[in-house]
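Data first, discussion second: the structure below is written as structure tokens.
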């Protein structure tokens with residue numbers, strides 16, 4: 001049976017979040033509503049546009065005559081890893097004071113092994129703005145004077161006089177971004193591989209306000225939002241259960257547990273209470289009258305295990321609903337739909353070892369929403385994310 005289900009952490013109070021975050025959220029919302037964008041560098045000075053889009057048209061016109069120092073990065077396989085890649089890549093760009101060329105996003109990325117992290121520019125990739133609302137992110141990061149270019153806009157810039165390709169894979173967590181990239185500080189363009197989880201805890205904590213602004217600014221694109229709203233209308237009031245029961249997850253749990261032999265850290269909570277998750281839901285006081293939307297990769301599951309888990313929920317009085325919110329979408333866009341449904345549910349229950357669940361828990365706590373996990377233990381992602 002394993003350890004007893006871990007009670008959900010209490011959502012942070014407004015006092016704990018701090019007035020600074022509240023002010024930042026208010027400022028970001030105001031910027032988004034007014035569509036005002038401002039920057040203070042010499043290259044972009046005297047810029048007072050009527051809208052964010054007009055601002056960037058003028059930025060590109062000026063950049064065509066001036067060398068702009070830029071940074072680009074790739075993303076890792078898997079929806080949550082792509083989201084983390086964006087967060088960590090933007091932190092690095094902020095600390096280096098560089099314009100960001102946003103990456104192409106994977107449509108069907110899946111991390112099937114610890115080595116299968118890196119994404120390439122393949123036919124299965126698509127522009128950032130197909131996933132997320134570009135103007136919302138620009139507005140959210142405007143108070144930090146961040147400048148973001150799309151992949152196409154980056155390609156339209158004058159050719160770099162000098163560039164550097166930086167490999168992060170296999171390196172230790174970066175304690176100082178400026179020192180790590182010092183050798184390349186005079187290069188016009190820096191490109192790097194997937195930056196997810198390569199920043200030390202101290203760097204992440206120091207940028208906690210910025211990271212929260214990034215996460216708040218990663219709003220779904222208008223197209224994806226249409227799928228989300230349609231699903232919400234069908235579901236009404238619902239709770240969300242992220243059930244990690246797929247074949248690749250079971251393989252991941254074996255690799256995860258094997259790491260204990262290397263560092264002595266106990267990792268025995270990866271698959272706990274997956275089959276009898278209804279016990280955790282009962283212990284945490286889930287309302288049996290509220291249907292439970294279950295997010296999982298159904299094509300990857302073992303039918304016997306799923307049947308056992310779902311029958312246990314039904315016998316306990318819960319109404320499980322399998323996720324079918326975006327069957328026509330590619331895998332990673334469908335995952336974004338599920339992520340947003342998890343954010344908009346009454347309650348969220350997930351697996352703390354899963355980076356998808358961990359991000360939902362983190363972001364729901366930012367917003368004062370209920371979130372918990374059924375597998376016991378801790379949340380590994382907390383070690384490299386702002387608590």
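The values are calculated or read from the model by the stated rules, or taken from the named source; none is laboratory data. Predicted model, so just to flag it, every value in this text is computed and none were measured. Counting neighbours? That spans all protein chains shown, and the Cβs are built from the backbone with ideal geometry, glycine included.
Just the residues that are out of contact with any strand residue (DSSP E or B) (no Cβ under 8 Å at 6 or more places or on another chain) and under 22 Å from residue 276 (Cβ atoms), please, taken from the range 350-373.
353
Suppose we filter 244, 255, 187 for residues that are closer than 18 Å to residue 357 by Cβ and assigned to a loop (DSSP other than H, G, I, E, B); which single one remains? Even if it seems obvious, please write down each step before you answer.
Details: 255 fails: assigned to a loop (DSSP other than H, G, I, E, B); 187 fails: closer than 18 Å to residue 357 by Cβ.
Answer to the selection: 244.
So, residue 95, is that one modelled with pLDDT of 95 or more, on the phi < 0 side of the Ramachandran plot, surrounded by fewer than 23 Cβ atoms within 10 Å (Cβ to Cβ) and assigned by TED's automatic domain parsing to the domain that holds residue 159 or not?
yes
Given (1) part of a loop (DSSP other than H, G, I, E, B); (2) under 30 Å from residue 167 (Cα atoms), where does residue 269 come up short, assuming only one miss?
Only one criterion in (1) part of a loop (DSSP other than H, G, I, E, B); (2) under 30 Å from residue 167 (Cα atoms) is unmet by residue 269, namely (2).
On the basis of being buried (at least 22 other Cβ atoms within 10 Å of the Cβ), part of a strand (DSSP E or B) and modelled with pLDDT of 95 or more, does residue 341 make the cut?
no
If I filter the range 364-373 for residues that are in contact (Cβ under 8 Å) with a residue 24 or more places away in the chain, under 18 Å from residue 201 (Cα atoms), touching a helix residue (DSSP H, G or I) at 6+ places or on another chain (Cβ under 9 Å) and in the same structural domain as residue 269 (by TED's automatic domain parsing), do I get at least one hit?
no
Which condition number in (1) surrounded by 22 or more Cβ atoms within 10 Å (Cβ to Cβ); (2) under 19 Å from the mean Cα position of the chain (by Cα); (3) in a loop (DSSP other than H, G, I, E, B) is the one that residue 368 fails?
Only one criterion in (1) surrounded by 22 or more Cβ atoms within 10 Å (Cβ to Cβ); (2) under 19 Å from the mean Cα position of the chain (by Cα); (3) in a loop (DSSP other than H, G, I, E, B) is unmet by residue 368, namely (1).
Per-residue answers, yes or no, for (1) modelled with pLDDT of 95 or more; (2) within 24 Å of residue 148 (Cα to Cα):
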position	(1), (2)
177	yes, yes
184	yes, yes
197	no, yes
204	no, yes
249	no, no
254	no, no
276	yes, no
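Within the range 121-144, take every residue that is more than 19 Å from the chain's Cα centre (by Cα) and at pLDDT below 95 and give me the one that is surrounded by the most Cβ atoms within 10 Å (Cβ to Cβ).
So, considering only residues that are more than 19 Å from the chain's Cα centre (by Cα) and at pLDDT below 95, the one surrounded by the most Cβ atoms within 10 Å (Cβ to Cβ) is 124.
Could you tell me which residue of the range 105-120 is modelled with the lowest pLDDT, considering only residues that are within 20 Å of residue 191 (Cα to Cα) and crowded, with 21+ Cβ neighbours inside 10 Å?
119
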